[in-house]
Amino acid sequence: MPPELGELDPLFKRFFEDMPEMGPGMRRFGTVPNIPQQSSGSGVIIDESGVILTNNHVVAGEGKVTVKLHDGREFVAEEVLTDPSTDLAVVRINAGGTLPVAKLGNSDAMQIGDWVLALGQPFGLEKTVTAGIISAKGRDIGINRHEEFLQTDAAINPGNSGGPLVNLQGEVIGINTAISSRSGGFEGIGFAVPVNVAKWVSSQLLKDGKVHRAYLGVGIQPVDSDLAGQLGLAASTGAVVTDVQPGSPAAAAGLEPQDVIVKFGDTEIGNHRQLSAVVSRTPINKATPVVVMRDGKPVTLQVTVKEAPANYGVPVAEATEEAAPPAKSFSKLGLEVAPLSDDVASQLGLRDAGGVVITGVEDGSLAERAGLEAGMAITQVGRQKVSSVEQFEAATGGADLEKGVLLLVRTAQGSRFVVLKSE
């Protein structure tokens, strides 16, 4: 299940809750205990037999789901299938005949600045249409595990959730899902799940009752200008591999840390979020060519992705207690490190990490400016793995900080590259 509204960043709200009560995180007034709550949202008929696409948070819960059609008829849902990871759901009704179907478009073809219409029943006002443009694509706002939202300034409010975002040809190109708001109402920033994602998710839900996602088995991070310089790249594009999980499809294909994935199958990879989205929808057990930049040169590998294990990608909680083994100070870098024993790694929530552990960071130092903190493990300097303080000292001793030194650091949440560079 996605997080409750009250646990989200206050700027990002799902908005299916309708008046008079607006649901957790969006109520203006307190609720009366032990009185059943009703919420409402919108949806899109995608099959004439009675298949409706909407948001998971519109239908989540143990209550009855009732569907009201545009002609006033009401039906109780016979089947509800959900995918909390994308906040999408499919509802099936028996309307006793065929229903008009919305035409689904191609969200990939939408460009920033294209005009769109948002349809739904904001604040219970049925058959409301508002207009705006596509403000951005590929947004990740941190409310679902899998996100690549279309952003729009078309007015959407509580009650619009699950409704269609359509282009000027009348084609559905998104499912309205969330808003960014300080007040709980429309402030010019709304988000919709791209319809290409919705088509893929709904087809799997209708076929198997669940979504089968592929995984590669790597940790990744975006490529900024400092990383691009360290890795010999001409542009800050692609996704840099920070970690390759043993026994994963990536390991079998020969991917390595510091590889920068720039193409997966036929898709040019602009950033790490795009890579995650493309991989998850890749056919399972099918060989796919992957182009990586390694030491500044393109290398093509063949990857056969597998189905992601249950709860794959869910972060491991940080340890609440940290050990303080004997440490050695590196004043030039602004940090001190110590050996990373198995006991210390276990306390920090690290498994099979290796390397050295940061035990202190000097205020105002290169390390602090780069975001390093005590409790992080350093497993690699440049392309050299380090497993002791002595190896770390040897690897960093001759480093030119004007050019920068590349570190691979690891926490319980995963690995990432950090560049220590003097200004």
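Brief remarks follow.
- Taking every DSSP helix (H) stretch of at least 4 residues in the chain, weighting each as -39,500 (n - 2.57) and dividing the sum by the residue count yields a mean residue ellipticity at 222 nm of -3500 deg cm²/dmol.
- If the segment from LYS403 to LYS332 were pulled out straight at 0.36 nm per residue, it would be longer than the present Cα-Cα gap by 24.1 nm.
- Answer label for volume of the Cα convex hull per residue in Å³ (calculated), chosen among (1) 170; (2) 156; (3) 194: (1)
- Normalised contact order of region 328-420, rounded percent, pairs of Cα under 8 Å and 6 or more residues apart: 26
- Look at the dipole of the chain built from charges on Cβ: of ALA234, ALA89, ALA345, the Cα furthest out on the positive end belongs to ALA89.
- Nearby lysines by direct alpha-carbon distance to LYS137 (threshold 18 angstrom, same-chain neighbours under 8 apart not counted): LYS199
- Residues within the reach of a label modelled at GLN302 (point 7 angstrom out along Cα to beta-carbon, backbone nitrogen below 14 Å), restricted to region 246-282, are 252-254.
- The packing ranking, built from the mean of other Cβ atoms within 10 Å per residue, places the peptides 191-200, 294-303, 339-348, 125-134 in the order 191-200, 339-348, 125-134, 294-303, highest first.
- A cut-off under 15 angstrom between Cβ atoms defines the neighbours of PRO194, and their net charge, with Lys, Arg +1 and Asp, Glu -1, is -3.
- Count Lys and Arg as plus one, Asp and Glu as minus one, and take only other residues whose Cβ is under 13 Å from that of LYS103; the net charge is then -2.
- Relative contact order [Cα under 8 Å, 6+ residues apart], the chain, whole percent: 10
- Sites ILE133 and GLN413 - FRET efficiency at Förster radius 35 Å, r taken between beta-carbons, to 0.05: 0.45
- Relative to the current alpha-carbon distance between ILE112 and ASP342, full extension at 0.36 nm per residue lengthens the span by 77.8 nm.
- Placing a label point 7 Å from the Cα of GLN245 along the Cα-to-Cβ direction, the residues of region 284-298 with a backbone N closer than 16 Å are 284-285.
- Cβ-defined net charge surrounding HIS70, 15 Å radius [Lys, Arg +1; Asp, Glu -1]: -1
Laboratory data are not the source of any read-out in this text; all were calculated from the coordinates shown. Please read all numbers here as calculations on a predicted model, not as lab measurements. Methodologically, a virtual Cβ is constructed for each residue, glycine included, from the backbone with ideal geometry; neighbour enumeration extends over all protein chains shown.
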